[in-house]
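*Asks:* First the structure, which I've put down as structure tokens, then a few questions once you've had a look.
The values are calculated or read from the model by the stated rules, or taken from the named source; none is laboratory data. All of these numbers come straight from a predicted model, not from anything done at the bench. When we count neighbours, we look across all protein chains shown, and the Cβ atoms used for this are built from the backbone with ideal geometry, even at glycine.
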Amino acid sequence: MTGKQRRIAPPPVNPETKPFWDAAANGTLLIKKCSACGEVHYYPRALCPFCSSYKTAPAPFWFIKRMLTHFSVAGGWLPVG
């Protein structure tokens, strides 16, 4: 992208998302895990989108580094049209 860089304001931090942003500042990605149904979900919110339980807690998403380092696009981009 040439010219001016677009600046987007960061999202507001509230008590529900503060642990997520604190961990992100330290280089760790947190997701939420529900202790009622065992599902994990992202973006940080108190209510589980799978079972509607409030029994959610932050959990480190440690395997993201491996996923990102093993992703590649073979052959480059294909022309559209």
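*Asks:* Would you pick out the residues in segment 30-58 that are among the small types (G, A, S) and either in contact with an Asp or Glu (Cβ under 8 Å, 6 or more places away or on another chain) or surrounded by fewer than 13 Cβ atoms within 10 Å (Cβ to Cβ) (or both)? Write out each step before concluding.
*Replies:* Taking segment 30-58 first, the residues among the small types (G, A, S) are 35-36, 38, 46, 52-53, 57.
Selection gives S35, G38, A46, S52, A57.
*Asks:* Would you pick out the residues in segment 42-81 that are modelled with pLDDT of 60 or more, out of contact with any strand residue (DSSP E or B) (no Cβ under 7 Å at 6 or more places or on another chain) and hydrophobic (A, V, I, L, M, F, W, C)?
*Replies:* Passing the criteria: L47, W62, A74, W77, V80.
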